[in-house]
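The values are calculated or read from the model by the stated rules, or taken from the named source; none is laboratory data. Note that this is a predicted model, so its numbers are computed, not measured. All Cβ positions, glycine included, derive from the backbone under ideal geometry; neighbour counts span all protein chains shown. With ligands, DNA and RNA removed, areas are computed over all heavy atoms of the protein, side chains included. Shrake-Rupley method; radii C 1.70, N 1.55, O 1.52, S 1.80 Å.
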Amino acid sequence: LEGMWDLEFIRENGFEIALETELEDRVLDAALYKTPPECVIGITKFPDPKKYEDCKVVHLVNPFGFKSLRAQKPKEFIRPAKWIRDASERLIKEKMGTQSIPITVHQRHHNWGHADQHGSKFLCRGILKNIHNTPPGADYRNGVRKWGQPESVQKRMLDNTQLSCAMNYEELQTVAAYWKKDIPKHFFLASDREEPDRYQDMLKHGAVTIEEADYAHMPEIKEVLQKHHSFAFDCTEKYCANLKKIKQLTGVYLDMWGMVSGEFFFGGYYSTMSDTVCFWRGWNKMNASNICFLPLRLQKKWVRLGKDIDDQ
């Protein structure tokens, strides 16, 4: 959806962009559907460019699937359009009554589980997705082992990381204390609001949120919709967004940029949105978070007992 992304920022950082709406059908068809198998890169280790020298087109199925520093770096340059970024920071600062945003929090619940069947209604804490013994937690467990601390210290790191999933306010305080941070009178919260009691608990303790009424009137929303419809897509073949969808995406990106803008970001374990916020925040702010690139930071021994985290 053009108008919602800062394409110039991507270009300024050395990336060439070909918009789907500007490509001839034959080019798009060749790239997506007629690329020879030897010229398609799936989810694997970072590819060797020499293997693809004879390819006219290389189709990278999912460029965000690679976990190496080299592959992830470009994500820093993908960010929302300026009107979204400016609105997000302005709304949050006005509601907080401050010129800065010290703490931002992501509350993601994953509440599709059943306590009797999965051990918790929150899947990220139950037997299917927990950090201690399931595949989603493998990177964290490997990072903790390479951290080289005693087992009790390793376990405490994993416990506090898992606690960041589906946090209520008391759990946020626990995680914040572990990371040697104080929760201020007001902080920014982006929540899926799937658990009303946990969401209201955050609001009761000073959380500031962005509501649809704060942005629904913005003229840029209709401008994005008009631009989208100007391409005259056949909506039976291509996805066509409506006004409701544009408003929904605007709310999501306002929340995400709010989390990016915080001095310290408390993200959630097993959350792709928290991961994306980490990429947007960039490598220079990786240590100003409980979750951003944590397996790497543990492996590199960048997390220091007593300085970055509580050693008790």
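Taken over region 19-34, the criterion of being at pLDDT 70 or above, over 24 Å from W5 (Cα atoms) and either touching a strand residue (DSSP E or B) at 6+ places or on another chain (Cβ under 6 Å) or not acidic (D, E) (or both) is satisfied by R26, K34.
Here region 143-159 is the region considered, the condition is being open to solvent by less than 60 Å² (accessible area, probe 1.4 Å), part of a helix (DSSP H, G or I) and not charged (D, E, K, R), and the residue that is farthest from K180 (Cα to Cα) is G143. Can you tell me which residue in region 194-228 is nearest to H109 (Cα to Cα), limited to those that are part of a helix (DSSP H, G or I) and acidic (D, E)? Across region 194-228, the extreme among qualifying residues is D197.
Would you check if D308 is more than 15 Å from the chain's Cα centre (by Cα) and either open to solvent by 30 Å² or more (accessible area, probe 1.4 Å) or under 21 Å from M167 (Cβ atoms) (or both)? Show your work before the answer.
Details: more than 15 Å from the chain's Cα centre (by Cα): yes; either open to solvent by 30 Å² or more (accessible area, probe 1.4 Å) or under 21 Å from M167 (Cβ atoms) (or both): yes.
Judged against the criteria, D308 is a match.
Total residues in region 122-137 satisfying the condition of being surrounded by fewer than 16 Cβ atoms within 10 Å (Cβ to Cβ) and over 19 Å from the mean Cα position of the chain (by Cα): the figure is 4.
Would you confirm whether any residue within region 36-57 is more than 21 Å from the chain's Cα centre (by Cα), surrounded by 13 or more Cβ atoms within 10 Å (Cβ to Cβ), outside any loop (DSSP other than H, G, I, E, B) and at pLDDT below 75? Within region 36-57 (the criterion being more than 21 Å from the chain's Cα centre (by Cα), surrounded by 13 or more Cβ atoms within 10 Å (Cβ to Cβ), outside any loop (DSSP other than H, G, I, E, B) and at pLDDT below 75), the answer is no, since none of the residues qualifies. Note on region 92-111: residues that are under 18 Å from M273 (Cβ atoms) and open to solvent by less than 40 Å² (accessible area, probe 1.4 Å) amount to 10. Provide a single number: the residues in region 99-136 that are part of a helix (DSSP H, G or I) and either β-branched (V, I, T) or without any contact (Cβ under 8 Å) to a residue 60 or more places away in the chain (or both). Final tally of qualifying residues: 6. Beta carbons closer than 6 Å, at least 6 apart along the sequence or on distinct chains, pair a first residue in region 81-92 that is touching a residue at least 40 places away in the same chain (Cβ under 8 Å) with a second that is among the polar types (S, T, N, Q) for E89/S261. Only residues that are closer than 16 Å to F265 by Cβ, among the charged types (D, E, K, R) and surrounded by 14 or more Cβ atoms within 10 Å (Cβ to Cβ) were counted in region 172-204, giving 1. Within region 235-287, if we keep just the residues that are touching a residue at least 40 places away in the same chain (Cβ under 8 Å), open to solvent by less than 60 Å² (accessible area, probe 1.4 Å) and in a loop (DSSP other than H, G, I, E, B), the residue that is farthest from Y169 (Cα to Cα) turns out to be A241.
The set of residues in region 207-225 being out of contact with any strand residue (DSSP E or B) (no Cβ under 7 Å at 6 or more places or on another chain) and either open to solvent by less than 40 Å² (accessible area, probe 1.4 Å) or aromatic (F, W, Y) (or both) consists of I210, D214, Y215, A216, M218, I221, V224, L225. Of the numbered conditions (1) in contact (Cβ under 8 Å) with a residue 60 or more places away in the chain; (2) under 30 Å from E211 (Cα atoms), T174 satisfies every one except a single condition; which is it? Among (1) in contact (Cβ under 8 Å) with a residue 60 or more places away in the chain; (2) under 30 Å from E211 (Cα atoms), the lone unmet condition for T174 is (1).
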